[in-house]
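The values are calculated or read from the model by the stated rules, or taken from the named source; none is laboratory data. Quantities reported herein were computed from a predicted structural model and do not represent experimental measurements. As a convention, Cβ positions derive from the backbone with ideal geometry for all residues, glycine included, and neighbour counts pool all protein chains shown. Heads up: the accessible areas ignore ligands, DNA and RNA and are worked out on the full protein's heavy atoms, side chains in. Shrake-Rupley method; radii C 1.70, N 1.55, O 1.52, S 1.80 Å.
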Amino acid sequence: MQLSQPTVETWRASIEGALATFGRNASPDSPKLQEAATYVLQSGGKRLRGLLTLAVHHDLTGGHGAPESALRPAVAIEVIHAASLIHDDLPALDNDDMRRGKPSCHKAFGEATAILTGDLLVGAAIGSLEHRETALDKQARLGILLANTWRDLCVGRSRRVRPPG
């Protein structure tokens, strides 16, 4: 999906479109997990993490960088966030039956499917950073950052992100 003028509306539409595609492709071998992933990824939200990613990219490149290159990490961050919400809503944690006005994933698909969907999304988010036009060192750094962020989230630790280099 190509990003157009740098506005919140166009960026949000690009993120939403990419998330819809992500959900449809998340688990082609398991229709139930694919349905649950799509359900969660299309449940709305402000998409602040993805929007911030695109805004920082735009700012750092002076608006001259290829915005499509920032869409992949923006979506990966949103997917990690969605996975965290799935796990957070589980009965063993916050036991929330509703998320954004809809039944939470474990209520809509069962607890086992919710756990697997959250786990699937984490792996798929990190794996989605692989792209032939992105330097391998950048892919590795982004993947490590997301993996470390997920680990820190699981243990309840916030992470201060330092610029690379």
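Some observations on this one:
- Residue within segment 101-115 that is within 13 Å of the chain's Cα centre (by Cα) and free of Cβ contacts under 8 Å to residues at least 60 places away in the same chain present: no
- Applying the condition of being in contact with an Asp or Glu (Cβ under 9 Å, 6 or more places away or on another chain) and in a helix (DSSP H, G or I) to segment 49-67 and asking which residue is most open to solvent (accessible area, probe 1.4 Å) yields ARG49.
- Meets criteria (at pLDDT below 95, more than 14 Å from the chain's Cα centre (by Cα), within 20 Å of ALA125 (Cβ to Cβ) and not acidic (Asp, Glu)) for SER4: no
- Among the conditions (1) open to solvent by 60 Å² or more (accessible area, probe 1.4 Å); (2) touching a residue at least 60 places away in the same chain (Cβ under 8 Å), the only one that LEU19 does not satisfy is (1).
- Wholly enclosed helices (runs of 4 or more DSSP H) of segment 104-165 bearing at least 1 residues modelled with pLDDT of 95 or more, closer than 22 Å to LEU19 by Cβ and open to solvent by 70 Å² or more (accessible area, probe 1.4 Å): 105-109, 111-127
- Among (1) of a type outside the set (Gly, Ala, Ser); (2) open to solvent by 50 Å² or more (accessible area, probe 1.4 Å); (3) in contact with a helix residue (DSSP H, G or I) (Cβ under 8 Å, 6 or more places away or on another chain); (4) part of a helix (DSSP H, G or I), the one test that ASP94 misses: (4)
- Restricting segment 68-86 to residues that are open to solvent by 30 Å² or more (accessible area, probe 1.4 Å) and in contact with a His (Cβ under 9 Å, 6 or more places away or on another chain), the residue that is nearest to ASP96 (Cα to Cα) is ARG72.
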